[in-house]
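Encoded as structure tokens, the structure appears first; notes follow it.
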Amino acid sequence: MTVTQPSSPPLSPELIAKFKKIVGEKYAVTDAADIEPYVTEERNLFHGRSPLVLRPGSTAEVSAICKLASEHKIALVPQGGNTGLVGGQMPHNGEVVVSLRRLDKIREVDTASNTMTCEAGVVLQVAQQKASGVDRLFPLSLGAEGSCTIGGNLSTNAGGTAALAYGVAREMALGVEVVLADGRVLNVLSKLKKDNTGYNLHNLFIGAEGTLGIITAATLKLFPKPRAVETAYVGLKSPAAALKLLTIAQGEAANALTSFELLSEMAVDFSVRHGIDVRDPLQETHPWYVLMELSSPSDDARTPLETILGRAMEEEIVDDAVIAASLAQRNNFWKLREEMSAAQKPEGGSIKHDISVPVVAVPAFIEEANAAVVKLIPGARPVPFGHLGDGNLHYNVSQPIGANTADYLARWHDVNAVVFEIVLRMGGSISAEHGIGVLKRDELPEVKDKVAIELMRSVKAMLDPLGIMNPGKVL
Ligand code: FAD
């Protein structure tokens, strides 16, 4: 995908030498082959270019980088695990990449305050494991958790599979440390749940996708570790039936319902056929599936799960269901869900949407969107799946069988237009959890409140007057 962006002045050898001096020769990457992993991304949708990748090892080094960059008006692109799906972490126009991965210390774990202070480059899975090691839960969970970082998670305000019970990344952060464009360090790290001392500044940087400053650390909330987790895989006839099941489950289990994923037959079929080590847990195929999980602070999550499924069977909402009998089986259920995105690749081009609508509108959205995309491109194959409990669907549309992939992907914006029209009419969002980056940047002014866009531009101009912080992203 080609991206139009403000240009960045070329870096002189003298300036490169000054940047190198900040991080040390070893942590400044200039060789094209070594830069390659920082300018390519998972989907191959974007390919960036950069003359220099800096890998600072401390907040002070990040601060010195920003100060030097602002003195010379050099554009910077912060990067964590490089798993973002909207091109926000890519240097599209020769910017300097600031990789935060070396900032990987967990500074403090406090089980009395239930907080953990992590540097930005801590990999999400490492943070989860650290919390588990002290009998706590850090609940943010997503398919890329083995490589995405806390800084990236906060900058994209990531959602994932446990947002239903614990909220999105924003709700898991109590404070942040941020290096501003001019090099100043804003320290609003805090363990406080209650702190009414003026504007909530840390939230400005969460979800800002690196356009307002570079997050170097964050204080995260920890939660009690569940004593029992039970997972069910359910076959049913329609999204409407899944919605009825969700209503029963929420009534019965309340906050113990931690995940509720809706999976279309095609999404499951692709995952089983193309995913690695994926097995279908049910004997027969069904038009739709739900993967649901209950996590209980007591020892029993099985009884409420059986009650929910029993009631749903009685009311003929559910056609078949299996409860994981072991941890291995539970992991298999989740593997089927986690492989879903990657499993679409062998089916050719996939036009993706990460949308949300009010939960109640999900069945109508799917019906309307399916009809609209097939009318636009006969033979197109909708592959919806996602977090029904949050009204968030990955509404992906695979190319017609045998179609030319490049021709199909050239219709990306046409397909977006019909899908977004339905989303907006239903009171939804065109980006539920992946962010705006460059992928949805041009659509944002069309769909967001005009005053909100004006305020966003004012905040950007105030914090980054030279426009060096991830230019061309979001706005
Ligand atoms: P990057 O990709 O490196 O960067 C993402 C954005 O944040 C960029 O704009 C970048 O400039 C900025 N950034 C990164 N670090 C910093 C920092 N320290 N300070 C300031 N800005 C920074 N997302 C979800 O929300 N839910 C999912 O369920 C989900 N599943 C995924 C599954 C797969 C297989 C993949 C590949 C991705 C998935 N994602 C999901 C998207 C992605 O993993 C998240 O957006 C993640 O939070 C990005 O973290 P990262 O460290 O890789 O950030």
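Points to keep in mind about this one:
- A crude spin-label estimate for the pair SER238 and SER298, with each label 7 Å from Cα along the Cβ direction, gives 3.6 nm.
- Restricting attention to the range 13-102, close to 35% of DSSP beta bridges with both partner residues there are antiparallel.
- Overall shape: prolate for the range 228-426, with the ratio a/c of the largest to smallest alpha carbon gyration tensor axis at 1.5 or above and a/b above b/c.
- Antiparallel DSSP beta bridges within the range 61-173, percent to nearest 5: 55 percent
- Relative packing of 112-121, 294-303, which averages over residues the other C-beta atoms within 10 Å, highest first: 112-121, 294-303
- Cut-off 17 Å (backbone N to label point 7 Å along Cα→Cβ of LYS26), residues of the range 75-101: 101
- Positive-end residue, the range 1-139 charge dipole about Cα centroid, Cβ charges, pick of ALA33, LEU85, SER58: SER58
- Total charge dipole magnitude, the chain, about the Cα centre, Cβ charges on Lys, Arg, Asp, Glu only, Debye to nearest 20: 1420 debye
- Debye-sum result for the range 106-224 in log10 I(q)/I(0), which assumes one identical scatterer on each alpha carbon, at q = 0.12, 0.16, 0.19, 0.20 Å⁻¹: -0.37, -0.68, -0.97, -1.08
- Dipole magnitude for the range 106-224: computed about the Cα centre from +1 point charges on Lys and Arg Cβ and -1 point charges on Asp and Glu Cβ, it is near 220 debye.
- Using alpha-carbon coordinates, inclination of helix 362-376 to the longest axis of the chain, degrees: 80 degrees
- Near ARG279: Cβ cut-off under 15 Å, other residues only, Lys/Arg at +1 and Asp/Glu at -1. The net charge is -2.
- Burial ranking of peptide ranges 456-468, 155-167 (average Cβ count within 10 Å, highest at the top): 155-167, 456-468
- Dipole of the chain [Lys/Arg +1, Asp/Glu -1 at C-beta], most positive-end residue of ASN392, VAL98, TYR233: VAL98
- The range 212-287 and the range 421-460 have Cα centres lying 27 Å from one another.
- Relative contact order for the range 228-426, counting Cα pairs under 8 Å that sit 6 or more residues apart, in percent: 27 percent
- Accessible area per residue for the chain, computed on protein heavy atoms with a 1.4 Å probe, is 42 Å².
- Summed over all non-identical Cα pairs, the Kirkwood treatment of the chain gives a radius of 23.3 Å.
- Share of carbon and sulfur in the accessible heavy-atom surface of the chain [1.4 Å probe, %]: 53 percent
- Percent antiparallel among DSSP beta bridges (both partners in the chain, rounded to 5): 90 percent
- Using the rule -39500 (n - 2.57) for each DSSP H run of four or more residues, divided by the residues of the chain, the 222 nm mean residue ellipticity is -9500 deg cm²/dmol.
- Shape of the range 1-96, Cα gyration tensor, a/c cut at 1.5: prolate
- Along the axis of the charge dipole computed for the chain (Cβ charges of +1 for Lys and Arg, -1 for Asp and Glu, origin at the Cα centre), the listed residues ASN255, ALA361, VAL447 are led at the positive end by VAL447.
- Only Lys, Arg, Asp and Glu carry charge here, each on its Cβ (+1 for the first two, -1 for the last two); on that basis the range 268-355 has a dipole of about 440 debye about its Cα centre.
- Sequence-ordered 3J(HN,Hα) estimates for the range 79-92 from the Karplus curve with 6.51, -1.76 and 1.60 and θ = phi - 60° stand at 9, x, x, 6, 10, x, 10, 10, x, x, 8, 8, x, 7 Hz, glycine and proline given as x.
- Mean Cα-pair separation over length for the chain, i.e. relative contact order, pairs under 8 Å, 6 or more apart, %: 15 percent
The values are calculated or read from the model by the stated rules, or taken from the named source; none is laboratory data. Note that this is a predicted model, so its numbers are computed, not measured. Ideal geometry is used to build each Cβ from the backbone, glycine not excepted, and the neighbour counts take in all protein chains shown. All accessible areas refer to the heavy atoms of the entire protein, side chains included, with ligands and DNA or RNA removed. Shrake-Rupley method; radii C 1.70, N 1.55, O 1.52, S 1.80 Å.
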